[in-house]
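Worksheet: the structure to be examined is printed underneath.
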Amino acid sequence: MKWEEQLSRWLGTQIEVHIEDQAGLDPVAPPKKMTLEKIRISEDQDYMQMYMNEHQFLAIPLRGQELTSLVNSEHGTVLRSSDIAAQLVYKVHFGS
């Protein structure tokens, strides 16, 4: 999937990021709202970097269709990505 093309329509808008610890070792982090300034795919194509300003970004793992998906519904669009090794699930809500 061409992630930058798919998500470029939300550049400059507020997104909401949830990171869930599937191991249950860390407390549940509250959702983080940020403005999506830029999207970049890492050189190794393993991560999508979602910039909240010129220097800070969140790296979402790209693990193939079985672990990374983009779903559109009447409630908005959600990017979901599972990192099995780290036991984390990333959910990014667009258009909220």
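Where a number appears in this text, it was derived from the coordinates with a stated rule and is not lab data. Everything numeric in this text was worked out from a predicted model, so none of it was measured. Virtual Cβ from ideal backbone geometry, glycine too; neighbours counted across all protein chains shown.
Computed extension length for residue 89-residue 46: 13.9 nm, one decimal, from 0.36 nm per residue of separation with the Cα-Cα distance subtracted.
Take every Cα pair under 8 Å whose residues are at least 6 apart in sequence, average their separation, divide by the length of the chain, and the relative contact order is 28 percent. Applying 0.36 nm per residue to the separation of residue 37 and residue 18 and subtracting their alpha-carbon distance, the gain on full extension is 5.1 nm. Taking a straight line from the alpha carbon of residue 33, these aspartates and glutamates sit under 14 Å away, with near neighbours fewer than eight places off in the same chain left out: 16. With only alpha-carbon pairs counted, each pair once and no self-pairs, how large is the Kirkwood hydrodynamic radius of the chain in angstroms? After inverting the pairwise mean of 1/r, the radius is 13.7 Å. When the Cα convex hull of segment 15-63 is projected onto planes of every orientation, the mean area is 4.2 nm². In this simple spin-label approximation, residue 11 and residue 56 carry label points 7 Å from Cα along the Cα→Cβ vector, and these lie 2.1 nm apart. Do any GluC sites (Glu not before Pro) in the chain lie in a loop, going by DSSP, with at most 10 other beta-carbon atoms within 10 Å of their beta carbon, and if so which? Sites meeting the loop and neighbour criteria: 43, 54, 66, 74. For segment 19-96, applying the loop criterion from DSSP together with a ceiling of 12 other beta carbons within 10 Å to the chymotrypsin sites (Phe, Trp or Tyr not before Pro) yields no site.
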